[in-house]
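The values are calculated or read from the model by the stated rules, or taken from the named source; none is laboratory data. Note that this is a predicted model, so its numbers are computed, not measured. A quick note on method: Cβ atoms are made from the backbone with ideal geometry, for glycine too, and the neighbour counts reach across all protein chains shown.
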Amino acid sequence: MTALVLLDYTSVAIFALTGALVASRAQLDIVGFAFLACLTGLGGGTLRDLLLNRAPIWIADPTYLGFGCAAAVLVFFSAHLIESRYTAILWLDALALPVAVAAGAGVAASLGFGWPMIVVMGIVTGCGGGLMRDVVANEVPLVLKQGELYVTCALAGSGALACALWLGLPAPIPALACAAVTFLLRAGSLGFGWRLPVYKARPPRNK
Amino acid sequence: MTALVLLDYTSVAIFALTGALVASRAQLDIVGFAFLACLTGLGGGTLRDLLLNRAPIWIADPTYLGFGCAAAVLVFFSAHLIESRYTAILWLDALALPVAVAAGAGVAASLGFGWPMIVVMGIVTGCGGGLMRDVVANEVPLVLKQGELYVTCALAGSGALACALWLGLPAPIPALACAAVTFLLRAGSLGFGWRLPVYKARPPRNK
Amino acid sequence: MTALVLLDYTSVAIFALTGALVASRAQLDIVGFAFLACLTGLGGGTLRDLLLNRAPIWIADPTYLGFGCAAAVLVFFSAHLIESRYTAILWLDALALPVAVAAGAGVAASLGFGWPMIVVMGIVTGCGGGLMRDVVANEVPLVLKQGELYVTCALAGSGALACALWLGLPAPIPALACAAVTFLLRAGSLGFGWRLPVYKARPPRNK
């Protein structure tokens, strides 16, 4: 479980940074920074733990909340140094997503679930925090942004983890494969515009 | 429990169609379709199960997720055939609502709760998925649309189920009464404009 | 536990009034009033109980739902008597917040949690219901309103409760200190514009 906890810590810390950056765009005070940082950092894992009917991991280990508060303070005093906060949010989010997906899918695997639940828990853990951040801050959810891969990356990454486990690959490989696939797809989407075909509205009638 | 599971399956499948149709209006890709379809189909039942402090039913039975994905694929390749997607969403939602209310109220009754919890669980299960769909997709929640019956239908339907149980009517009647009352009220509201009196703003002062 | 239950009842009743007032601003019908009143009144405590992995308190005690419905009826027939509904919402919310924070922090303390969890549960219980009300009704969340103290009040109040407990003060004092600190800060923010420094956007470059 130690490796899983480390993954959780890392994803919480990076996601918390994106939450604090969103707070800086909304010009909140330091407590608002900490609130959005903790919501974003802990949201996905909390949703996963609620769905698995167990107490969220930060209830027993307040260190997680410390990461959120530290991210809030760090961003509050340094966000003015960043050239484009929106770009920083996008790329930090792209870094946090693979780690959170690996943590979520890994927890489901360690509990003995089959591949459907591994994939779903990877998606929930990866996308939950960012979704809550965007719904509460009233931004367009990254999850639903048209013409970008987001949920797809989490899906592919946790699928990779499930495949690696099915092939019987030893311990760190499935998580690494998961993180690599998720990050490469998301980075490709951000940097090179990779996308799936979107639903095309029909042409107007009678014309 | 078999009848309840069948009700759950049916409501999940129909609600998932409405989620996929909302995704088509937002021009998402196929994974976005599946995401919104699963959120809408499973949202209400998941909320009910969380409130009842048990693991959501789809954790142990991934078939539910299969319904969501099938609905996504079906809509992705056929939504262009539909004359008005918004009308389709409204009426499919009106079909799914009674089934979900009956499933939710039935679960509460089968667990031995009294009428207040039967009514609340009917409302939560019926209205939760659609509410999540609309909040995430940033549409005006059907639940809160002014001058339409929605929560009221769920309330009346689960009330009918509680009454039928209290009268000691045998097994399929309470669920049928619930679905019939819910559907008739909702259809009447959509088709004939049935409504409750809304809160009237006071007339302007000094005039 | 009796004092805690009384606090819970009080905060549910006052928060429910704010939910019903928001419903009156959205011109909903009586069922919409009851829906928003129950969501607002019960939202924070429900979130707290889900996070603590126990069934929400109103599952076993439907009296809570009765408060929500009573508030809905009361407001439906008397909201036209109120000079400014928005001011009424703000100040009722300011009355409910301290009570809910004290109830939430008190529950965490009574379960033997340390100060981080006491503070977090105070914030979650105090701010959760209002946040749900505002997200569902599509208003700007009070929690995130720029230049006002809100989460900060809950933070300071539950911190005061944790301090009072740490000092070993006898039974009603910690809860009273919590409510007093929360209310004074919130009232000061509403009445006198007290605030924390907000994040200042950098000045435009090259100018």
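Worth pointing out:
- Residue in the stretch C:111-131 that is under 25 Å from residue C:144 (Cβ atoms), buried (at least 24 other Cβ atoms within 10 Å of the Cβ), in contact with an Asp or Glu (Cβ under 7 Å, 6 or more places away or on another chain) and away from chain B (no Cβ under 13 Å) present: yes
- When residue B:145 is tested against (1) surrounded by fewer than 24 Cβ atoms within 10 Å (Cβ to Cβ); (2) facing chain C (nearest Cβ under 10 Å); (3) closer than 24 Å to residue B:56 by Cβ, only condition (3) is not met.
- Residue list for the stretch C:47-59, filter: within 21 Å of residue B:122 (Cβ to Cβ) and more than 9 Å from every other protein chain (Cβ to nearest Cβ): C:57
- Residue A:32 passes every criterion in (1) at pLDDT below 90; (2) out of contact with any Gly (no Cβ under 9 Å at 6 or more places or on another chain); (3) surrounded by fewer than 20 Cβ atoms within 10 Å (Cβ to Cβ) apart from (3).
- The one condition in (1) surrounded by fewer than 24 Cβ atoms within 10 Å (Cβ to Cβ); (2) within 18 Å of the chain's Cα centre (by Cα); (3) modelled with pLDDT under 90; (4) under 28 Å from residue B:148 (Cβ atoms) that residue C:62 fails to fulfil: (2)
- Test: residue in the stretch C:152-168 that is at pLDDT below 90 and either away from chain A (no Cβ under 14 Å) or under 15 Å from the mean Cα position of the chain (by Cα) (or both): yes
- Flag if residue C:135 is under 30 Å from residue B:197 (Cβ atoms), of a type in the set (A, V, I, L, M) and away from chain A (no Cβ under 14 Å): no
- Exactly one residue out of B:101, B:73 is surrounded by 16 or more Cβ atoms within 10 Å (Cβ to Cβ) and out of contact with any strand residue (DSSP E or B) (no Cβ under 6 Å at 6 or more places or on another chain), and it is B:101.
- Per-region count, the stretch C:76-87, residues surrounded by 16 or more Cβ atoms within 10 Å (Cβ to Cβ) and at pLDDT 85 or above: 1
- The one condition in (1) over 16 Å from the mean Cα position of the chain (by Cα); (2) more than 13 Å from residue B:94 (Cα to Cα) that residue B:188 fails to fulfil: (2)
- The residues in the stretch A:106-156 that are within 16 Å of residue A:179 (Cβ to Cβ) and not in a helix (DSSP H, G or I) can be counted, and the count is 2.
- Taking the criterion of being of a type in the set (Val, Ile, Thr) and at the interface with chain C (Cβ under 10 Å from one of its Cβ atoms), the residues of the stretch A:25-46 that qualify are A:30, A:31, A:46.
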